[in-house]
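The values are calculated or read from the model by the stated rules, or taken from the named source; none is laboratory data. The shown structure was predicted, so the numbers you read here are calculated from the model rather than taken from an experiment. Note that each Cβ is placed from the backbone with ideal geometry, even for glycine, and that neighbours are counted across all protein chains shown. Surface areas here come from the heavy atoms of the whole protein model, side chains and all, with no ligands, DNA or RNA. Shrake-Rupley method; radii C 1.70, N 1.55, O 1.52, S 1.80 Å.
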Amino acid sequence: MTTIGDYTLHAIETGRFGLDGGAMFGIVPKPLWAKRIDPDEQNRIPLAMRCLLLQSESRTILIDCGLGDTFDGTKYREIYAVDTEHSDLEHSLANAGVSREEITDVVLTHLHFDHCGGATRAAGDEREPTFPNAVYHVQRDHWQWAIESNPKEHGSFRTDTFKPLSTSGQVDFVDGEKTIFPGVDVMLVNGHTHAQQMVKITGPEGVLVYVADLLPTSHHLAPAWTMAYDVRPLVTIDEKQLFLEKAVEAEWNLFFEHDPDIHVASLKRTDRGITTCDHRPLRNF
């Protein structure tokens, strides 16, 4: 059992999917990134959709919620190599002893479909909130950015997966960096998408940062290893360097949402820059 401050933590695996390796590593040549993650015959690399559950005496908080049933019955399930055979959101929550109805809060780092698709679920011809008793916390500026969209992110924002949350009155619009619960803070980055929020959990045991898509995998620490999906890649480079300097000095631990193999890692300085070390499952935090 992993505890940080008032919270017991569980990694919630919601399935796997695949994205083009070239898009995931931008200008980095395939002979370099393919040494780290093997692509399939369609050049897709396997990615986790790993969420984080925090339980205290008064709250049950889920950070991100995976893809859910967003692509069920459509061609996109095959295009994105969606695989929920070994894990999905509801079964993983059940394995942690939690039902959908018991979730009090959902923190959405951003509204790309692989992070928020599970926020709602199909209900006939409509969609309804997956967690009927939860408040969904999302940055106000990011919500507006997603609603208005842009050509680069148009395919990543599936408004049908999150607009019902506003209709149901379950959205808490967060304004900037702040403490949203005791021991839980959000930090903003703007390179991958506008006003993405990372989540920092702090307690006597240490600090764990849910880094979302600032660092989608442990292979994205080097400055130039940025995604083609980033709307502001030069901003991502600056944000990564600033964050990693702060994290290595403060001895923060990182929780990776998309890394297929590594859940949690610490950081160290080397002659080649800041790298990860002490790769481990969350239970060994």
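Below are the figures for this structure:
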item: Residue tally, condition under 13 Å from the mean Cα position of the chain (by Cα) and open to solvent by 10 Å² or more (accessible area, probe 1.4 Å), over segment 94-111; result: 0
item: Within segment 142-182, considering residues that are touching a strand residue (DSSP E or B) at 6+ places or on another chain (Cβ under 8 Å) and of a type in the set (Phe, Trp, Tyr), the one most open to solvent (accessible area, probe 1.4 Å); result: Phe173
item: Segment 82-93 residues that are of a type in the set (D, E, K, R) and open to solvent by 40 Å² or more (accessible area, probe 1.4 Å), paired with ones that are part of a helix (DSSP H, G or I) and modelled with pLDDT of 95 or more (beta carbon under 7 Å, 6 or more apart); result: Glu90/Arg100
item: Which listed residue, of Asp185, Asp238, is part of a strand (DSSP E or B), within 30 Å of His154 (Cα to Cα) and either of a type in the set (A, V, I, L, M, F, W, C) or open to solvent by 20 Å² or more (accessible area, probe 1.4 Å) (or both); result: Asp185
item: Where a residue in segment 152-178 is within 16 Å of Asp141 (Cβ to Cβ) and outside any loop (DSSP other than H, G, I, E, B) and its partner, wherever it lies, is among the acidic types (Asp, Glu) and at pLDDT 95 or above, with Cβ under 8 Å and at least six apart; result: Lys178/Asp185
item: Selection from segment 249-284 of residues that are aliphatic (A, V, I, L, M), crowded, with 16+ Cβ neighbours inside 10 Å and not in a loop (DSSP other than H, G, I, E, B); result: Leu254, Val264, Ala265, Leu267, Ile274, Leu282
item: Subset of segment 99-127 (residues that are in a strand (DSSP E or B) and farther than 27 Å from His194 by Cβ); result: Ala122, Ala123, Glu126
item: Residue check, Gln139 open to solvent by 10 Å² or more (accessible area, probe 1.4 Å), under 21 Å from Leu214 (Cα atoms) and free of Cβ contacts under 8 Å to residues at least 60 places away in the same chain; result: no
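Quick grid of which residues meet (1) open to solvent by 30 Å² or more (accessible area, probe 1.4 Å); (2) touching a residue at least 24 places away in the same chain (Cβ under 8 Å):
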| position | (1), (2) |
| --- | --- |
| Arg50 | no, yes |
| Cys65 | no, yes |
| Thr70 | no, yes |
| Lys75 | yes, no |
| Tyr80 | yes, yes |
